[in-house]
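**Student:** The structure under discussion is supplied below as structure tokens; questions concerning it will follow.
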Amino acid sequence: MIFYKPNKKLIIRYLISISLSIISYPVFGQIFSTAQNPLSVHWNYIQSGGFKIIYPKELEKEAQRMANTLPYIYPKVGQSLNRQTTAIPLLLQNQGTVANGFVQLGPKKSEFYTTPPQYFDSQDWLNNLAVHELRHIAQFDKLTGSKKHPFPELVYFAYFGAGIPTWFFEGDAVVNETALTESGRGRQPNWIMPYRAAILEGKRFSYSKAYFGSNKDVTPGYYQTGYLMVADMKEKFGQFISDSLLADISNRPLRLYPFSKSLKKYTGQNTNKYFLTTQEKLKKNWATQQDFLSTENYTSLNKKTSLATNYFLPVRLNKNQIFALKESKQEARHFIVINHDQSEQKLFGIGYQEQPWFSLKNNILVWDEIRYDPRYKQRSYSLICTYNMMTRKFKKLSSQSRLFSPTLSDDGKKIVAVKVELNNQFNLVEIDASSGKILKTIPNPDNEILQTPCFDQTGNLIAYISVTEKGKSLWVVDGEKKKPLILNSRQQLSRPIFIGNKIAFNAHLNGIDNIYTIDTVSKNISALSASRYGAFNPTESDNGKITFNDYKVNGYEIAEEMISEKPVGGNGFVDFSAAAEKQENTGNVFNQIPDTAFQSKRYRQGLNLFSFHSVIPVIDNEYVFGLELQSNNLLNTMDFYTGAKYHRDLKRFEYTADISYKALYPVLSVLYRNRPKRTFYRSKNVIQQGDWRENYIKLNASLPLSFNARNQNYSFTLNAATSFTQRYQPENMPVNFITALKFPMEYNFTFNHSARTTERDIAPKWAQTLRVTYNHQPFDKNLGGEIMALESFLYFPGFAKNHSFLASFNYQKATGVNQYATEIATVYGYNNILAKSKLQNSMLFNYKFPFAFPDWELGPLAYVRNFRAGLFSHYENIGKDTNIGQPKTYGIELNSSLNILRYQPVVDIGTRLVFVNKIYNQNPILEFSFTYSF
């Protein structure tokens, strides 16, 4: 029996990733970014009340505003954690088009991505980020502020993730953002809508399923779960319950399930029981709310499914067909046509969007799509793409643009969209739908945040949503004239469309998201829908109906209803944060922000390359362990690591230093090792042991480039490296011992293409990876030899959805000192089979598929997400060791993904039974694997 363990270092920095999800703003599922900005970005900074605000010079106005805002609100944000001051660098990022914000340790910093999404809270975007992310800063300060140990950041970060569940960090922050403002996600019914729908439909979630998610069902998510649990804690146990929990964890850290035990100390219930108690409370509150509301049931026009599936933005094409944007746990986002019998015709897939969006008029389809810079991933663009339904031709209408929510006029000849400049100036622009030329820019002198514009039937009037700190507004603009229809509302207004002389829009006037209309003259508001859980995204049909999204337990479905106005009705909203708001008693923390002018200075990248933050333990294996000092600078342009490791078997130390500079187009790195080495050799038929030390330095240049277009991703990596080794202090080495290895050269080129995948996919259904490697010794006559390797990995669709077939063909030719090197993929069980000849080629066939998604909670021990299986048949040295009909190894494997001990990392465990060709006289090999990811 063989225990198979993938080649990896057991280093605490891997454990640190356990906690990284606590820092992501939920608009985008980013952990934290290690990407770079282009060198053309010029940075300034402002010091203000413990905050060092670092920002591109275009954002001077926003930086000045944040310099006033952050120190002013931090004492209020941190009040219930007894934190009043802080010190942290904060970066404002303006090059990207994906909204995000996070706080991290190692190095300690926060980042705000200043381009807002097209659908978010009813307050200023940067204020929105500030009130949430500053709470995370206060949480970290609470747990680390009194610690005096040197360079502890990554150790703390790892412990936070291992000891405190993500839902608590995020739930505490969402409760805080809601209690301290007039907005916050706690006031958005659609944010909590999936959980409410599930509860009222009779579903009950286990603690683990609500926390960790599911590959088949819509689940609450840890933001929503955490918000509801923390809000309940505040209501029952007071304003300072979070402070008490974090203080107790900090004082008694070395316990299994430290958070659960601290929670039981203060509430009498552990995490699992508290979750189940909260869930029962939610059931009662939402049932009472449902009794208050007058709702209607709508017939779904899409195919029925028990799997979480969304049909976004339905548009009726004719009396028999509906057009929509579909995605599910099984399928990546793509356009479809739904026929009258609910059969579906798939058109084509698209890439990542900031939110689901398209517009279809007069057989012209437009949508926006995120595209990344090939090298500097902090820079991204939002492009407009078009597709002609008649000619079936695609067109990229803009390039390197920052355009959002494109909407066509009825004749399909022009587009209105939101344009966001690098200085965060927002404007509406009219664009020629054929050429992409901007025809008109509509002034926005107050620079309100603009969202989801649309034309009326004539193409002369434009309706749109604006956002300021005062709330959301609905406007109509006619040329240079504009008038408000709804002004400074805390409603989640979104996606207006013209229906005759009225405008339909989304809002939650009755406490549930529904569709409403407003008369553009009288400004009277009526309801068009009365959905049980939520109605969204109306479009007008020719038959006097509206087609819209009706939310149900498995996602956004498609419904249709005659246009019939109803009374708005009373507001039945359930405010779970009311107790916390009363406890904080601050009102809106953004009222009366100071307006001081701060001195800004140039932030020079060359003088800020080092940011030492952590000393961490390093364990390479059972024989090698030590300590490492780490530096990662704030702009992610240089990493530096140095340390010492002890080799227990050799009883000697190794000294290391690695540096990587990532600001240039190629990534340049230098690695240094002063290390002990040992070898065994035969001399006069006697095995001898020899030892020496060596200085090893390696230089590497890498050029990673990647592109995305619609649902296709491409990457190219060109790598070149060389090294120099100087050996010294030889002990018991032969007389021909070589003391210098002079600049062997390594070259590698990799090409990868893949289609967009889903969470159920084991591998892409269509992907290709090609790799070429060449190593040789041009500068060392004593060590001649070379190796040329060609690898290919070709993925194809299997027999069912989410099945994957891999065919891998690989070849290498090695001579001299490289003759026994391995640069290509090998057969399963390779390391446990005696070789009959040098490796020359391999041909690998793998078929993998998921077969069960149980969502089992095995008490506190494990949460089982899925089961997967695979078949393989592998060949090696074809024509020499094996024939095409006789694989060297073949067999089966079984894997499962699970969460262990209710911790965040996803652990993958597996077993593999490898049968070996009979000519090797090898018994079957049983392997076990254990990996984890975050």
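The values are calculated or read from the model by the stated rules, or taken from the named source; none is laboratory data. Every value quoted in this text rests on a predicted model; they were computed, and no experiment measured them. Note that we place each Cβ from the backbone using ideal geometry, even for glycine, and neighbour counts take in every protein chain shown.
**Student:** Looking at ALA763, ALA800, can you tell me which residue is surrounded by fewer than 17 Cβ atoms within 10 Å (Cβ to Cβ), under 20 Å from GLU327 (Cα atoms) and not β-branched (Val, Ile, Thr)?
**Tutor:** None of the other options fit; the residue is ALA800.
**Student:** Identify all residues within region 116-128 that are within 17 Å of the chain's Cα centre (by Cα) and buried (at least 24 other Cβ atoms within 10 Å of the Cβ); write none if there are none.
**Tutor:** PRO116
**Student:** Which ones in region 378-392 are more than 13 Å from LEU347 (Cβ to Cβ) and of a type in the set (Lys, Arg)?
**Tutor:** Selection gives ARG379 alone.
**Student:** Further question on the same structure: Quick one: which of PHE160, PHE140, PHE205 is under 24 Å from ALA287 (Cα atoms), out of contact with any Pro (no Cβ under 6 Å at 6 or more places or on another chain) and among the aromatic types (Phe, Trp, Tyr)?
**Tutor:** PHE205
**Student:** Tell me, which residue of region 683-708 that is aliphatic (A, V, I, L, M) and surrounded by 15 or more Cβ atoms within 10 Å (Cβ to Cβ) is farthest from the chain's Cα centre (by Cα)?
**Tutor:** ILE697
**Student:** Follow-up. Can you spot a residue in region 276-284 that is surrounded by 15 or more Cβ atoms within 10 Å (Cβ to Cβ) and on the phi > 0 side of the Ramachandran plot?
**Tutor:** No, region 276-284 has no match at all.
**Student:** Same structure, new question: So in region 885-904, with the set limited to residues that are small (Gly, Ala, Ser) and in a strand (DSSP E or B), which one is nearest to THR166 (Cα to Cα)? Step through it out loud before you land on a result.
**Tutor:** In the first step, residues of region 885-904 are kept if they are small (Gly, Ala, Ser); the result is 885, 891, 896-897.
Still in the list and also in a strand (DSSP E or B): 891, 896-897.
Details: GLY891: 39, SER896: 23, SER897: 19 Å.
If we take residues in region 885-904 being small (Gly, Ala, Ser) and in a strand (DSSP E or B), then SER897 is nearest to THR166 (Cα to Cα).
**Student:** A follow-up question, please. In a strand (DSSP E or B) and on the phi > 0 side of the Ramachandran plot - does that describe any residue in region 905-925?
**Tutor:** No, region 905-925 contains no residue that is in a strand (DSSP E or B) and on the phi > 0 side of the Ramachandran plot.
**Student:** Which of the residues belonging to region 261-301 are among the small types (Gly, Ala, Ser) and modelled with pLDDT of 95 or more?
**Tutor:** Filtering region 261-301 for residues among the small types (Gly, Ala, Ser) gives 262, 268, 287, 294, 300.
Once the filter is applied, which keeps residues that are among the small types (Gly, Ala, Ser) and modelled with pLDDT of 95 or more, region 261-301 yields SER262, GLY268, ALA287, SER300.
**Student:** Let me ask something else about it. Can you tell me which of THR769, THR758 is within 26 Å of ASN711 (Cα to Cα), under 27 Å from the mean Cα position of the chain (by Cα) and assigned to a strand (DSSP E or B)?
**Tutor:** Being within 26 Å of ASN711 (Cα to Cα), under 27 Å from the mean Cα position of the chain (by Cα) and assigned to a strand (DSSP E or B) holds for just one of THR769, THR758, which is THR769.
**Student:** Another question about this same structure. Provide a single number: the residues in region 606-627 that are closer than 21 Å to ARG648 by Cα and free of Cβ contacts under 8 Å to residues at least 60 places away in the same chain.
**Tutor:** Adding up the residues that qualify gives 6.
**Student:** With the requirement that a residue be of a type in the set (Phe, Trp, Tyr) and either at pLDDT below 95 or surrounded by fewer than 24 Cβ atoms within 10 Å (Cβ to Cβ) (or both), what does region 69-113 give you?
**Tutor:** Pass one, region 69-113, residues of a type in the set (Phe, Trp, Tyr): 72, 74, 102, 112-113.
Scanning region 69-113 gives TYR72, PHE102.
**Student:** Scanning for something more than 37 Å from the chain's Cα centre (by Cα), surrounded by fewer than 15 Cβ atoms within 10 Å (Cβ to Cβ) and not polar (S, T, N, Q), does region 780-796 turn up at least one residue?
**Tutor:** So far as region 780-796 goes, yes, one or more of its residues are more than 37 Å from the chain's Cα centre (by Cα), surrounded by fewer than 15 Cβ atoms within 10 Å (Cβ to Cβ) and not polar (S, T, N, Q).
**Student:** A further question on this structure: Can you tell which of ASN810, ASN802 is out of contact with any helix residue (DSSP H, G or I) (no Cβ under 9 Å at 6 or more places or on another chain) and in a loop (DSSP other than H, G, I, E, B)?
**Tutor:** Going through ASN810, ASN802 in turn, just one is out of contact with any helix residue (DSSP H, G or I) (no Cβ under 9 Å at 6 or more places or on another chain) and in a loop (DSSP other than H, G, I, E, B): ASN802.
**Student:** In this structure, does PHE737 turn out to be over 32 Å from the mean Cα position of the chain (by Cα) and modelled with pLDDT under 95?
**Tutor:** Here the answer is yes, as PHE737 does meet what is asked.
**Student:** Going residue by residue through region 365-384, is there one that turns out to be free of Cβ contacts under 8 Å to residues at least 60 places away in the same chain and farther than 25 Å from TYR556 by Cβ?
**Tutor:** No.
**Student:** Evaluate region 395-407: report whether one residue or more is of a type in the set (A, V, I, L, M, F, W, C), at pLDDT 95 or above, more than 23 Å from the chain's Cα centre (by Cα) and over 17 Å from ARG710 (Cβ atoms).
**Tutor:** no
**Student:** Something else now. Within region 446-529, considering only strands (runs of 3 or more DSSP E) that don't extend past its boundaries, which have at least 1 residues that are within 30 Å of the chain's Cα centre (by Cα)?
**Tutor:** Output list reads 449-455, 461-468, 471-478, 494-499, 502-507, 514-519.
**Student:** Turning to a different aspect of this structure: From the list LEU718, LEU783, pick out the single residue that is within 28 Å of ARG678 (Cα to Cα) and either part of a strand (DSSP E or B) or without any contact (Cβ under 8 Å) to a residue 60 or more places away in the chain (or both).
**Tutor:** Just a single option satisfies the conditions, and that option is LEU783.
**Student:** On the given criteria, is SER80 farther than 26 Å from GLN378 by Cα, outside any strand (DSSP E or B) and among the small types (Gly, Ala, Ser)? Give the steps one after another, and end with the answer.
**Tutor:** On the way: farther than 26 Å from GLN378 by Cα: yes; outside any strand (DSSP E or B): yes; among the small types (Gly, Ala, Ser): yes.
Spelling it out, SER80 is indeed farther than 26 Å from GLN378 by Cα, outside any strand (DSSP E or B) and among the small types (Gly, Ala, Ser).
**Student:** TYR257 fails exactly one of the following numbered conditions: (1) without any contact (Cβ under 8 Å) to a residue 12 or more places away in the chain; (2) on the phi > 0 side of the Ramachandran plot. What is the number of that condition?
**Tutor:** For TYR257, the failing item is (1).
**Student:** For region 189-210, indicate whether the set of residues that are under 23 Å from GLN330 (Cβ atoms), among the polar types (S, T, N, Q) and out of contact with any Asp or Glu (no Cβ under 8 Å at 6 or more places or on another chain) is non-empty.
**Tutor:** Scanning region 189-210 turns up no residue that is under 23 Å from GLN330 (Cβ atoms), among the polar types (S, T, N, Q) and out of contact with any Asp or Glu (no Cβ under 8 Å at 6 or more places or on another chain).
**Student:** Hey, among THR539, THR596, which residue is under 33 Å from the mean Cα position of the chain (by Cα) and β-branched (Val, Ile, Thr)? Spell out how you get there, then give the answer.
**Tutor:** Values: THR596 fails: under 33 Å from the mean Cα position of the chain (by Cα).
None of the others qualify; the one that does is THR539.
**Student:** Of everything in region 97-114, what is more than 17 Å from the chain's Cα centre (by Cα), of a type outside the set (Lys, Arg) and under 20 Å from ALA63 (Cα atoms)? Give them in sequence order.
**Tutor:** THR114
**Student:** Tell me which residues, restricted to region 337-352, are buried (at least 19 other Cβ atoms within 10 Å of the Cβ) and within 27 Å of the chain's Cα centre (by Cα).
**Tutor:** Across region 337-352, the qualifying residues are ILE350, GLY351.
**Student:** Can you report the number of residues in region 505-530 which are within 23 Å of ALA324 (Cα to Cα) and in contact with a Phe, Trp or Tyr (Cβ under 7 Å, 6 or more places away or on another chain)?
**Tutor:** 8
**Student:** Against the conditions (1) crowded, with 18+ Cβ neighbours inside 10 Å; (2) on the phi > 0 side of the Ramachandran plot; (3) without any contact (Cβ under 8 Å) to a residue 24 or more places away in the chain, where does ASN585 fall short? Just the number, please.
**Tutor:** Against the list (1) crowded, with 18+ Cβ neighbours inside 10 Å; (2) on the phi > 0 side of the Ramachandran plot; (3) without any contact (Cβ under 8 Å) to a residue 24 or more places away in the chain, ASN585 comes up short only on (1).
**Student:** While we're looking at this one, here's another question. Can you name every residue in region 645-666 that is closer than 22 Å to ILE619 by Cβ, under 38 Å from the mean Cα position of the chain (by Cα) and among the aliphatic types (A, V, I, L, M)?
**Tutor:** Passing the criteria: only ALA657.
**Student:** Could you run through region 46-66 and say how many residues are touching a residue at least 40 places away in the same chain (Cβ under 8 Å), surrounded by fewer than 21 Cβ atoms within 10 Å (Cβ to Cβ) and over 18 Å from LEU134 (Cα atoms)?
**Tutor:** Qualifying residue count for the region: 3.
**Student:** Of the residues LEU901, LEU894, LEU926, only one is farther than 30 Å from ASN272 by Cβ and outside the structural domain of PRO258 (by TED's automatic domain parsing); which?
**Tutor:** Details: LEU901 fails: farther than 30 Å from ASN272 by Cβ; LEU894 fails: farther than 30 Å from ASN272 by Cβ.
Answer to the selection: LEU926.
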